[in-house]
Amino acid sequence: MRDVADFWADLTGKEDLTGWKELLMDWVLQHGIRIVLIIVGAYILDRIGKRFIDRAVRIAVVGDNYSSRESELKREETLIRIFTGTLHLVVVVMVALIVLQEVGVKVAPLLAGAGIVGLAVGFGGQYLIRDVISGLFIILENQYRIGDVVNLSGTSGVVEDITLRKTMLRDMDGVVHHVPHGEIKVVSNMSKTFAKVNITLRVAYHSDLNHVIAVVNKTGEVLAQMPEYKPSIKVAPQFLRVDAFGDSAIMIKITGETAPSKQWEVSGAFRKLLKEAFDREGIEIPFPQVVVHQGLKVE
């Protein structure tokens with residue numbers, strides 16, 4: 001194979017335009033077509049590989065009694081995105097090396113130089129290796145998936161993307177956080193399998209607790225039957241216990257179960273209905289009060 005130096009020497013040796021055209025045509029016929037075929041073949045390989053990964057992952061991922069179909073779909077999409085992204089990167093690198101070799105660039109010295117550079121930055125590379133290994137365990141253990149609401153070592157948000165090196169979260173303000181997997185010490189998944197409605201409510205001391213409990217439970221049942229919320233509620237919100245005696249109110253605990261990521265929507269709707277029900281039934285939700293006693297002045 002003629003290298004770039006030989007081709008350039010022949011090209012500069014031609015004095016007329018006809019010679020240049022012949023030389024370029026000869027190069028295109030010998031190498032240009034090969035490069036086009038390599039790129040087209042790589043594209044086809046990438047497309048076939050992505051379809052194979054898609055089918056293989058969907059067959060390999062088997063649900064269990066604790067996971068809903070929606071959660072399994074999230075896991076499948078996460079694995080498919082990671083594997084297809086890795087495949088695409090490998091194909092691009094291989095095609096780049098083959099094309100460089102085809103145009104006459106010696107690849108071996110480039111690889112050797114990359115190895116030397118890799119050794120030079122090896123100290124910094126250990127963080128990359130740590131991120132990748134941690135990412136593999138996160139994926140294999142199915143700690144969270146794309147679409148889950150998680151807290152990663154103090155950073156909360158919806159998982160928008162996962163790679164082997166990092167996770168992208170978008171919080172309630174729309175801010176995107178890039179969290180390297182090696183920095184993750186604790187994972188708190190707030191949307192896996194099911195979620196909980198957990199409300200602490202204040203009622204006045206003079207309230208009839210039995211009446212309060214009845215109103216709370218009835219409101220939860222009404223909410224669970226509403227068409228817009230029924231698919232999201234697994235266990236209707238209901239009275240659990242008297243949680244504490246506060247300075248100006250009795251604290252009661254209300255709990256329920258919802259579909260993943262639906263606890264905030266259901267809790268908000270329940271609070272609205274409960275406020276309306278308390279107003280109708282004359283149940284007071286007190287606010288903190290301070291009573292000041294002024295002593296009599298003795299003369």
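Which order, highest average first, do 219-232, 39-52 follow once you tally other Cβ atoms within 10 Å for each residue and take the mean per peptide?
Ranking, from highest mean packing down: 219-232, 39-52.
Explain nothing, just the number: dipole magnitude of region 145-189 about its Cα centre with +1 on each Lys and Arg Cβ and -1 on each Asp and Glu Cβ, in debye rounded to the nearest 20.
180
Between HIS181, GLY157, GLY147, whose Cα lies farthest towards the positive end of the dipole of region 145-189 when Lys and Arg beta carbons carry +1 and Asp and Glu beta carbons carry -1, centred on the Cα centre?
Highest projection toward the positive end goes to HIS181.
Which net charge results for the neighbourhood of ASP148, defined as the other residues with beta-carbon distances under 10 angstrom from its beta-carbon, given Lys and Arg at +1 and Asp and Glu at -1?
Neighbourhood net charge equals +4.
First select every other residue whose beta carbon is under 14 angstrom from the beta carbon of ASP131; then total the charges, Lys and Arg +1, Asp and Glu -1.
That sum, taken over residues with Cβ under 14 Å, equals +3.
Between region 123-185 and region 214-272, how many Å separate their Cα centres?
32
Each reported figure results from applying straightforward, stated rules to the coordinates on display, with no laboratory input. Owing to the predicted nature of the structure, the values given are computational and were not obtained by experimental measurement. Note that we place each Cβ from the backbone using ideal geometry, even for glycine, and neighbour counts take in every protein chain shown.
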